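Note sheet for the following structure.
Derivation of every value follows stated rules applied to the coordinates shown; laboratory data play no part. What you see is a predicted model, and the numbers here were worked out from it, not measured in a lab. Because the Cβ atoms are built from the backbone with ideal geometry, glycine has one as well, and the counts that use them run over all protein chains shown.
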Amino acid sequence: MMMKKWSWLLVCAAALGAGVYAGNSRLQTGTPTAADMAAAALPRWSGYTFADSQGRDFALKQLEGKTVLINFWATWCPPCVEEMPDFDRLHPKLKANCIELIGIGIDSPSNIREFLEKRQFSYPLLVAGAQGSDMAKLLGNQTGSLPYTVLINPKGDVVFSKLGRITPGEVLKATGLGE
C-alpha cells in the first residue's frame with residue numbers, strides 16, 4: 001500500500017513538472033510581438049555615458065538624431081593609433097557636414113590619460129573600458145577586435161561598419177563625402 005502511494009506521488013510530480021516545463025518553453029520560444037520587435041530596434045547605443053579625457057561625463061544620448069561616426073580603439077592597438085591622425089584631419093570636414101566623430105577607448109583611464117599627454121586630437125575621445133567592448137558588440141563587433149568603426153544614421157541604425165584599420169577614403173565614401 002505504501003509503495004502505491006509513493007508511486008502515485010512520483011507520477012503526479014512528474015506530470016506537474018512536465019506541465020511547468022511545457023508552459024515555460026512555450027513562453028520562451030513564442031513569436032515576438034510587433035512591440036517586442038520595435039523595442040529591439042531602438043538605438044540602445046545611445047544609453048551609454050562615458051568619461052571624456054578630462055574625466056567629465058559624456059552622454060551618448062546627446063548624439064541621438066545625428067549622424068555619428070564612432071571609432072573603437074585602444075592605446076595598445078597599433079592600427080588604432082595609426083588611424084587616429086587620419087580621423088583628426090577628417091574631423092573638421094565631418095563636423096562641417098553635421099557628422100559627429102567620437103573615439104571610444106577600450107582601455108583603462110590611466111593608459112588613455114598617459115597616451116593623451118603625448119598627443120592631442122580635435123575630436124572627443126571617451127574612456128570606456130570593458131563597457132566599450134559591450135557597446136561595440138551591440139553595434140556588430142562580435143569578435144571584439146580593434147579598431148572598429150561604425151557610422152550611425154540619425155534614425156540610430158548602423159549603416160556602415162569596418163573591422164580593422166580604416167582609410168580616409170573609406171571614411172569619406174561611407175559618409176557620402178567622397179568617392
Can you pull the one-decimal nm distance between simple spin-label points at Val158 and Gln120, each 7 Å off the Cα toward Cβ? 3.4 nm
Cα convex hull of segment 70-126, projected area averaged across orientations, nm²: 3.5 nm²
Just the ratio, please: alpha-carbon radius of gyration of segment 40-175 over 2.2 N^0.38 Å, N its number of residues. 0.95
If you average the sequence gap of Cα pairs under 8 Å that are 6 or more apart and divide by the length of segment 40-175, what percent do you get for the contact order? 30 percent
By average C-beta atoms within 10 angstrom, highest first, the peptides 83-90, 55-62: 83-90, 55-62
Could you go through segment 54-64 in sequence order and give the Karplus-derived ³J(HN,Hα) for each residue, using 6.51 cos²θ - 1.76 cosθ + 1.60 with θ = phi - 60°, rounded to whole Hz, and x for Gly and Pro? 9, x, 7, 5, 10, 7, 5, 4, 5, 9, 4
Considering only Cα-Cα distances, which of the following residue pairs are longer than 25 Å: Lys61/Lys93; Lys118/Lys162; Lys66/Lys162; Lys66/Lys173? Lys118/Lys162
